[in-house]
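Below is one structure, written out as structure tokens, with a few remarks after it.
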Amino acid sequence: MKKALGILLLLLVIMLVTSIIAPRFCLEFNLGNLLQRTALFGIISIGVAFVIITGGIDLSIGSVVGLIGSVMAAGLAPLAKNGWGWSVPQTILTVIGLSVAIGLVHGLLVTKAKLQPFVVTLCGLLVYRGVARWLTRDAIFGFEPEHDEGLRQLAKSQPMSVPLPGTNWIAEGRWSSHLVDSATGEQVLEAGEPVAIDFWAFVDVPLPFLIMVGLALLAAGFLNLTIWGRHLLALGHSEEAARYSGIRTDRMTILAYVICSTLAGIGGILFALDVGTIQPPIHGNFYELYAIAAAVLGGCSLRGGEGSIFGVVIGAAVMRVLYNSINMIGIPTQLEFVIIGVVILAGVTTDTMVKSLVRKRRK
């Protein structure tokens, strides 16, 4: 919990500094967009946290997201547009079943075939991307109007709003380009026009954020309040000790990979509905790195046996806010990965040093 609070403090510092340098960071549409992206990456980060807690790793998450998105878009596309003409229920059941099957295969290969998780999921990263491209023939698929009205509301609807204090005490921002309303397409502000920031901002909360909160509560309850969650933590501390204690370690490992791939599948559905257009060669690229980084930032030890779902969600928020801040401040996009990497390295290094000092003091 202390690690999670430290990451929360880092998140607040990044937001405060960014809002001072770029006041438009606190505008409602930007905050709503941050909630949307945090939710999507938070869902897949929660999944990979279960695998990391057991001492494993899953490098295939991005390719699973790409495969699920590609199968979903191609399945819903009509036959006249080189799609498969599936119904919505058939498509959803297929992609969820596919996600569960992928996790089951990973778990069986790690436990029964005794293969290293790194090797299994690295091969999965390559295989699933190739399968997605082969199934779709690298064709770009979008969603039909009827899906925009119904299914895409899972990713696009905003069922509630929350009031947040504004930042009118900082400065009055000015836009460097035209601002266009994403819903109507009408121009809202001229370039260079001053932007007044109200003290209270009503931020629309997207449905994926509520889905992430629900999944996070379920995951936290499972991990902290059930015997299976304690078994997962014990497995991560020492697999041999857990086995001698009567824990069915193989089943727990398989369960962790199934949870990870299932949440990656749910994330893949929401990512596909969010972007609206699927390009199989690039959809989901590097998402596994963001998910793993969020889990590690949130307190999951790569050695296993340690992790906090709350910390993972905050870690995902830090990753998205940092990415957004880089764009808001005007830092060259070529340096965005450098800055994100340095921040992650600094956070993990600081945590390791603090833990080392605590151990020395105890001795």
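All of the numbers you see were taken from the coordinates with simple rules; none came from a lab. Please read all numbers here as calculations on a predicted model, not as lab measurements. Because the Cβ atoms are built from the backbone with ideal geometry, glycine has one as well, and the counts that use them run over all protein chains shown.
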Margin query: 7 Å from Cα along Cα→Cβ at both TRP134 and LEU302: what's the point-to-point distance in nm?
Written below: 3.2 nm
Check: Exposure proxy check: HIS237, HIS106, HIS231, HIS283 ranked by fewest other beta carbons within 10 Å?
Finding: HIS237, HIS231, HIS283, HIS106
Next item on the list: Please work out the C-alpha center-to-center distance from the range 225-276 to the range 49-124 and express it in whole Å.
Entry: 15 Å
Notebook entry, point to check: Semi-axes of the chain's equivalent ellipsoid from the Cα gyration tensor, sqrt of 5 times each eigenvalue, largest first, rounded to whole Å?
Noted result: 34, 29, 17
Item checked: Taking MET319, MET252, MET353 and counting other C-beta atoms within 10 Å, the order from fewest to most -> MET353, MET252, MET319
Notebook entry, point to check: When only Cα pairs under 8 Å and 6 or more residues apart are kept, what is the percent relative contact order across the chain?
Noted result: 34 percent
Notebook entry, point to check: If you place +1 on the Cβ of every Lys and Arg and -1 on the Cβ of every Asp and Glu, how big does the dipole about the Cα centre of the chain come out, in debye to the nearest 20?
Noted result: 2000 debye
Notebook entry, point to check: For the chain, how many pairs of lysine residues have a Cα-Cα distance under 21 Å, where the two are 8 or more positions apart or belong to different chains?
Noted result: 6
Check: GNM on the chain, C-alpha springs below 10 Å: top fluctuator among ILE227, ILE259, ILE68?
Finding: ILE227
Notebook entry, point to check: Once whole DSSP H runs in the chain are found, which of them have Cα atoms spread over 20 Å or more along the helix axis and a mean Kyte-Doolittle score of at least 1.0?
Noted result: 2-21, 28-53, 61-76, 88-111, 117-136, 207-225, 249-275, 309-329
Margin query: Pick from VAL343, VAL95, VAL162 the residue whose mean-square fluctuation is largest in a GNM of the chain, springs joining Cα atoms under 10 Å.
Written below: VAL162
Next item on the list: Could you tell me whether the range 315-360 comes out rounded, prolate or oblate from its Cα gyration tensor? Rule is a ≥ b ≥ c as square roots of the eigenvalues, rounded for a/c under 1.5, then prolate if a/b exceeds b/c, otherwise oblate.
Entry: prolate
Notebook entry, point to check: How much FRET efficiency would the formula 1/(1 + (r/R0)^6) give for LEU104 and ILE21, where r is the Cβ-Cβ distance and R0 is 51 Å, rounded to 0.05?
Noted result: 0.60
Item checked: For CYS123, CYS260, CYS300, order by how many other beta-carbon atoms lie within 10 Å, fewest first -> CYS123, CYS300, CYS260
Check: What residues have an amide H closer than 5 Å to that of PHE141, excluding those fewer than 5 places away on the same chain, when H is modeled at 1.01 Å from N in the peptide plane?
Finding: ILE278
Item checked: Top of LEU207, LEU12, LEU93 by mean-square fluctuation, Gaussian network on the chain, Cα under 10 Å -> LEU93
